[in-house]
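The values are calculated or read from the model by the stated rules, or taken from the named source; none is laboratory data. The structure presented is a predicted model; accordingly, all values stated were derived computationally and were not measured. For neighbour counting, all protein chains shown are included, and Cβ atoms are generated from backbone atoms with ideal geometry for every residue, glycine included. When the accessible area is computed, the model is the full protein with side chains, heavy atoms only, and any ligands, DNA or RNA have been set aside. Shrake-Rupley method; radii C 1.70, N 1.55, O 1.52, S 1.80 Å.
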Amino acid sequence: MLRAMLEALIFDVDGTLADTERDGHRPAFNAAFAEADLDWHWDEALYGELLDVTGGKERIRFFCGRHEPEFLQQDDVESRIKELHAAKTRHYAELCAQGIPLRPGIEQLLREAHAAGLRLAIATTTTPENITALLAPDLLALFEKVGAGDTVPHKKPAPDIYQWVLAQLGLPPAACLAIEDSANGLKASRAAGLATVITRTAYTDDHDFSGALALLPDLGEVGVPLLRHWHSHAYDSDKK
Ligand code: XBP
Ligand code: MG
C-alpha cells in the first residue's frame, strides 16, 4: 500500500501548544465568578474534574448541574452563562497578555515544519479570541486554518472540529498528523481518522491514551532532550 505523504500538522491548543488550564483558564473562570458576585471557586482539584467537559460554557453548565442546580432554574440562564463566559474570556486575554509560555519544542516545531513546507492548522475547543491572545502574531500567521470553539455543533470528544479542519485543508486524514494532550482530544482526532501524537500534561497524565501513535511527556527542547520514557510505537494502556 502506498504510504500517504505527510502534508499537514493539526494542533490542539489548550494543553498542547501551551499548558493553559491550571494557571490560565481556571483563574479566568474564578475572576469572572467573583466579578458576578458568585461565591464559586474552582480549585485545582475541582477544575481537573470539570475538564472532562470541553467548552467553557458547557463546563459552567456542567458545574451548575452538579453543584449549583438552582442557578439553572433561572429563565435567562443561557444568557447568564454566555455573560459569565464572555467575562472569563476577557480575564483570560489579560492573563495571556502577561505571558503564558508555549510548551517545550512547540515554537521550534511550528517554525521548522512551516519552513519545510508542511501546512499547519489548529483544531480546538477553545474560543477563537483565546488563540489570538495566546499566540504571537507571527506564530499565529503560520497556521493556514483555525478551527475553534462554536465553529462546530459538537465539541471534542466529537470529531467535528477535526473533520471541519480536514475539509478546510482539502486533505484526507492519512496525509495529516494531530498533536493533542487529552483523552477527549485523542477520541476526537482518532474518530476523524487521524494518527495522533500525545504530549500529556499534569491534568491528563492518568488519561487512557490507547490508540495514540506516541505518548510523550513533551516535545523536548534543543539542549533539553525528550525524556526517555516514551513509546515510539502504537501506545497501549498496559504499558502505563
Ligand atoms: C480545551 C477546552 C476549552 C478550554 C477553555 O480546549 O476544553 O474549553 O478549557 O476555553 P482544547 P473556553 O484542548 O481543545 O484546546 O472557555 O474558551 O472553552
Ligand atoms: Mg487540549
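Condition first: among the small types (Gly, Ala, Ser), in contact with a helix residue (DSSP H, G or I) (Cβ under 7 Å, 6 or more places away or on another chain) and outside the structural domain of Pro159 (by TED's automatic domain parsing). Can you find one or more residues in the range 46-56 that meet it?
Step one: list which residues in the range 46-56 are among the small types (Gly, Ala, Ser), which gives 48, 55-56.
Filter again for in contact with a helix residue (DSSP H, G or I) (Cβ under 7 Å, 6 or more places away or on another chain), leaving 56.
Of the ones still in play, those that are also outside the structural domain of Pro159 (by TED's automatic domain parsing) are 56.
Within the range 46-56, one or more residues are among the small types (Gly, Ala, Ser), in contact with a helix residue (DSSP H, G or I) (Cβ under 7 Å, 6 or more places away or on another chain) and outside the structural domain of Pro159 (by TED's automatic domain parsing).
Condition check ((1) within 11 Å of ligand 1 (Cβ to nearest atom); (2) assigned to a loop (DSSP other than H, G, I, E, B); (3) open to solvent by less than 80 Å² (accessible area, probe 1.4 Å)) across all residues:
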| residue | (1), (2), (3) |
| --- | --- |
| Ala28 | yes, no, yes |
| Tyr47 | yes, no, yes |
| Asp52 | yes, yes, no |
| Phe63 | no, no, yes |
| His85 | yes, no, yes |
| Lys88 | yes, no, yes |
| Ala93 | yes, no, yes |
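The lone criterion from (1) touching a residue at least 40 places away in the same chain (Cβ under 8 Å); (2) open to solvent by 40 Å² or more (accessible area, probe 1.4 Å); (3) of a type in the set (Lys, Arg) left unmet by Lys155 is number (2). Looking across the range 126-149, the residues that are more than 19 Å from Arg103 (Cα to Cα) and within 9 Å of ligand 1 (Cβ to nearest atom) come down to Thr127, Pro128, Glu129, Ala148, Gly149. A search for C-beta distances below 6 Å between a residue of the range 52-71 that is without any contact (Cβ under 8 Å) to a residue 24 or more places away in the chain and any residue that is open to solvent by 40 Å² or more (accessible area, probe 1.4 Å), counting only pairs 6+ apart in sequence or on different chains, returns Val53/Phe62; Cys64/Leu72. Looking across the range 113-135, the residues that are under 15 Å from Val165 (Cα atoms) and within 16 Å of ligand 2 (Cβ to nearest atom) come down to Ala121, Ile122, Ala123, Thr124, Thr125, Thr126, Pro128.
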